[in-house]
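Supplied in structure tokens, the structure appears directly below.
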Amino acid sequence: MFVVTGATGNVGGHVVRELADAGAEVVALTRDPGAARLPEGVRAARTDELPLAGATGLFLNPAVVWQLGADRLLARAKESGVRRIVLLSSSSVLDAGPDNPIGTRHLELERAIKGSGLEWTFVRPGAFAANALQWAAQIKAGDVVYGPYANAHTAPIHEADMGAVAARALLDDALAGQAPVLSGPESLTFSDQVRIIGEALGRPLRYEELPREVARERMLGGGHMTPDVADSLLTMFARYVGHPAEISPETERVTGRPGRTFARWARDHVAAFR
């Protein structure tokens, strides 16, 4: 049996579907089991109840770990007989340090899992294609997206590919003790991504670059981002300007098929921008 945290989220939902399609027994943890729309045969349970008895594998969304506490969750996993943990980590761990709080937090979590003595796999994606959803309100309101560093390159990865790799790490032993870094199949600037979303919508869109300080103010305006995270992201984007992102072969190596393109992601999510 496999337990999936964040089971109705962008990545967790795909992990659940991949495992269910493989015929595995799955328990999907969510804050509201009654509202969860899950594949047939998948059982929903409350995240805070942590029903791990009988589970051999556990998929961890880091947001859930930070909410419940890593020590508590890992102790419960060991007591329940869980054998393997698959963590949705981040490629930012490769550049962890004082100026990279995102990478540092993920690295600390990886170290805690290694220290637990359980088997582990760390799935380390770079930029999520789903980060583009932050532009949805602007696209619904007009034809221009405003943001920092128009020519910063990333290789955004479809959440379905992250879910496929994570499910494979749970289902067999091939990825035990590995930490595959994942990317999408192409390097794109923010301007490219906005243009591609426009193509999916059937109307022209463009990205207009904001000065760094103006972009920072907007990032902090909603209260959902701390100053250190905003500064870290802006510094990272500045480094990416004019430098095509490295493309990882890991998605194809693990799943046996090429990663989904950003154009595919835009078509899959076109309703979010209308």
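The values are calculated or read from the model by the stated rules, or taken from the named source; none is laboratory data. Remember, it's a predicted structure, so these values are computed and weren't measured experimentally. Note: ideal-geometry Cβ built from the backbone for every residue, glycine included; neighbour counts use all protein chains shown.
Condition first: of a type outside the set (S, T, N, Q) and within 16 Å of the chain's Cα centre (by Cα). Now tell me which residues in the range 234-265 satisfy that.
250, 259, 260, 262, 265
Within the range 121-134, take every residue that is in contact with a strand residue (DSSP E or B) (Cβ under 7 Å, 6 or more places away or on another chain) and crowded, with 21+ Cβ neighbours inside 10 Å and give me the one that is farthest from residue 262 (Cα to Cα).
121
Hydrophobic (A, V, I, L, M, F, W, C), in contact with a Pro (Cβ under 7 Å, 6 or more places away or on another chain) and within 15 Å of residue 232 (Cα to Cα): is that true of residue 127 in this structure?
It is true that residue 127 is hydrophobic (A, V, I, L, M, F, W, C), in contact with a Pro (Cβ under 7 Å, 6 or more places away or on another chain) and within 15 Å of residue 232 (Cα to Cα).
Moving to a separate point now. Quick one: would you say residue 198 is at positive phi and either at pLDDT below 95 or assigned to a helix (DSSP H, G or I) (or both)?
no
Determine whether residue 80 is touching a residue at least 24 places away in the same chain (Cβ under 8 Å), of a type in the set (Ser, Thr, Tyr), within 18 Å of residue 170 (Cβ to Cβ) and in contact with a helix residue (DSSP H, G or I) (Cβ under 6 Å, 6 or more places away or on another chain).
no
If you don't mind, another one. When you scan the range 180-188, do you find a residue that is farther than 23 Å from residue 263 by Cα and under 14 Å from the mean Cα position of the chain (by Cα), even just one?
Among the residues of the range 180-188, at least one is farther than 23 Å from residue 263 by Cα and under 14 Å from the mean Cα position of the chain (by Cα), which makes the answer yes.
Next question, about the same structure. May I ask you to verify whether residue 233 is among the aliphatic types (A, V, I, L, M) and out of contact with any strand residue (DSSP E or B) (no Cβ under 9 Å at 6 or more places or on another chain)?
Yes; evaluated as a whole, the condition is true for this residue.
Taking the criterion of being aliphatic (A, V, I, L, M) and surrounded by fewer than 18 Cβ atoms within 10 Å (Cβ to Cβ), would at least one residue in the range 76-86 satisfy it?
no
Return the residues of the range 9-54 that are acidic (Asp, Glu), farther than 22 Å from residue 75 by Cα and either crowded, with 16+ Cβ neighbours inside 10 Å or at pLDDT below 95 (or both); say none if nothing qualifies.
Listed by number, the residues that qualify are 18, 32, 40.
Looking only at the range 202-230, filter to residues that are closer than 24 Å to residue 157 by Cβ, under 24 Å from the mean Cα position of the chain (by Cα) and of a type outside the set (Gly, Ala, Ser); which one of those is modelled with the highest pLDDT?
207
So for the range 158-167 (the condition being touching an Asp or Glu at 6+ places or on another chain (Cβ under 8 Å), assigned to a loop (DSSP other than H, G, I, E, B) and touching a residue at least 12 places away in the same chain (Cβ under 8 Å)), does at least one residue qualify?
Looking through the range 158-167, at least one residue is touching an Asp or Glu at 6+ places or on another chain (Cβ under 8 Å), assigned to a loop (DSSP other than H, G, I, E, B) and touching a residue at least 12 places away in the same chain (Cβ under 8 Å).
Can you tell me which of 214, 254, 229, 270 is among the aliphatic types (A, V, I, L, M), touching a Pro at 6+ places or on another chain (Cβ under 7 Å) and surrounded by fewer than 17 Cβ atoms within 10 Å (Cβ to Cβ)?
229
When the residues of the range 227-253 are narrowed to those that are assigned to a loop (DSSP other than H, G, I, E, B) and touching a residue at least 24 places away in the same chain (Cβ under 8 Å), which ends up nearest to residue 150 (Cα to Cα)?
Restricting to residues being assigned to a loop (DSSP other than H, G, I, E, B) and touching a residue at least 24 places away in the same chain (Cβ under 8 Å), the top hit is 242.
Please indicate, with yes or no, whether at least one residue in the range 112-131 is without any contact (Cβ under 8 Å) to a residue 24 or more places away in the chain and closer than 19 Å to residue 61 by Cβ.
yes
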